[in-house]
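Every number in this text was worked out from the coordinates using simple rules, so none of it is lab data. Since this is a predicted model, take the numbers as computed values, not measurements. Every residue, glycine as well, gets a Cβ built from its backbone with ideal geometry; the counts of neighbours run over all protein chains shown.
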Amino acid sequence: MTGAPPVSASVSDAVRLDYVLRLGDTSLILAQRLGEWVGHAPALEEDLGLGNLALDFLGQARLLLSLAGRIEGRDRSEDDLAFLRDGGEFRNFTLVEQPNGDFGQTIVRQFFIDAYQVALFGALSASRDADLAAIAAKALKEAQYHHRFSSHWLLRLGDGTEESHRRTQAAVDWLMRFTPELFEADDIDRQTCAAGISPDLAALSAAWHQDVARILKEATLSMPKAERGAPVGKRGDHSEYLGYVLAEMQFMQRAYPGASW
């Protein structure tokens, strides 16, 4: 990103808004999914751990959606953007809206995102967008902790019992199909990268694949080739599961518009 032109002179607010929404929506939907585990995790420590992860992602979402509201300039708050948009307006990765499944599936989904965010936030910390750089610097510390949590569990499950290995490998095989979206650049990615706002996705892809391959090998799990054809959430094309997430997340605001304590 070194040597890129100033943000204001190189990208439109619409492009910058779309990119920030991709980040904020991904954290928001993952926070909602992780919150579903509260009271249902296999042990009290993991119940608390997943709840804390959810709060971290919710904090990221608040910062990013607040920034998106300022970029948009329509006086929409973080709450408006979270609770008053329909599914097609969300820009989160399709990976994070997938069901929790069993504990192994949740851990695999989490590890795939954590490995991505460690590389992403590390690069975004040097973004020419000062607001994004500040948010990324804070989020990077959280992502590094999340990565330790999920990789630790992946090793325990993959190299554990025959049953835990089988379930975790099945989760890897299923969820891998949603990972190409993380690294396939579209016009928004290309414009923000050229402006020094976002990192080169090819570099992120190399770092992610190296990290994931290493941990999967240690966990005695095989790394399948990612299939293509999954919906592309960052362009508003989602799986059926996002609708269920939003129905629960947005119920109170939709049922009682403008309600306050």
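Which three lengths, in whole Å and largest first, does segment 146-261 cover when its Cα atoms are put on their principal axes?
Extents along the principal axes: 51, 40, 29 Å.
Give the peptides 149-159, 26-36 in descending order of average Cβ contacts within 10 Å, highest first.
26-36, 149-159
Given contacts defined as C-alpha pairs under 8 Å and at least six residues apart, what's the relative contact order of segment 88-185, whole-number percent?
Averaging sequence separation for qualifying contacts and normalising by length gives 35 percent for segment 88-185.
Within straight cross-link reach of LYS138, meaning Cα distance under 24 Å, which lysines are found once same-chain residues fewer than 8 apart are removed?
LYS234
With an 8 Å cut-off on Cα pairs and a minimum separation of 6 or more residues, tell me the relative contact order of the chain in percent. Kindly include the intermediate steps, with their values, before the conclusion.
On the way: 367 pairs, mean separation 71.5, N = 261.
Across the chain, relative contact order equals 27 percent.
Compute the distance in nm between two label points, each set 7 Å from the Cα along the Cα-to-Cβ direction, one at ASP173 and one at ALA194.
Taking the two extended label points, one gets 4.3 nm.
For the chain, what is the mean residue ellipticity at 222 nm derived from helices alone (per DSSP H run of n ≥ 4: -39500 (n - 2.57); sum divided by total residues; nearest 500 deg cm²/dmol)? Numbers along the way, then the final one.
Numbers: 11 runs with 167 residues, N = 261.
When only DSSP H runs of four or more count, the value is -21000 deg cm²/dmol.
Using a Cα-Cα cut-off of under 13 Å, which aspartates and glutamates could be cross-linked to LYS217, ignoring same-chain neighbours fewer than 8 residues away?
Reachable aspartates and glutamates: ASP159.
Give the aspartates and glutamates reachable from LYS225 as a straight Cα distance under 19 Å; neighbours fewer than 8 places away on the same chain don't count.
ASP173, GLU181, GLU184, ASP211
Would you work out the Kirkwood radius for segment 50-204? I mean one over the mean of 1/r across all pairs of different Cα atoms, in Å.
16.9 Å
Treat each spin label as a single point 7 Å out from the Cα along the C-beta direction, and report the GLU36 to GLU240 distance in nm.
Rounded to a tenth, the inter-label distance reads 1.4 nm.
ILE197's amide H: which non-local residues (gap 5+, or another chain) put their own amide H closer than 5 Å, with H modeled 1.01 Å from N in plane and none for Pro or chain starts?
ARG128
Given an 8 Å cut-off on Cα distances and at least 6 residues of separation, report the relative contact order of segment 180-254 as a percent.
24 percent
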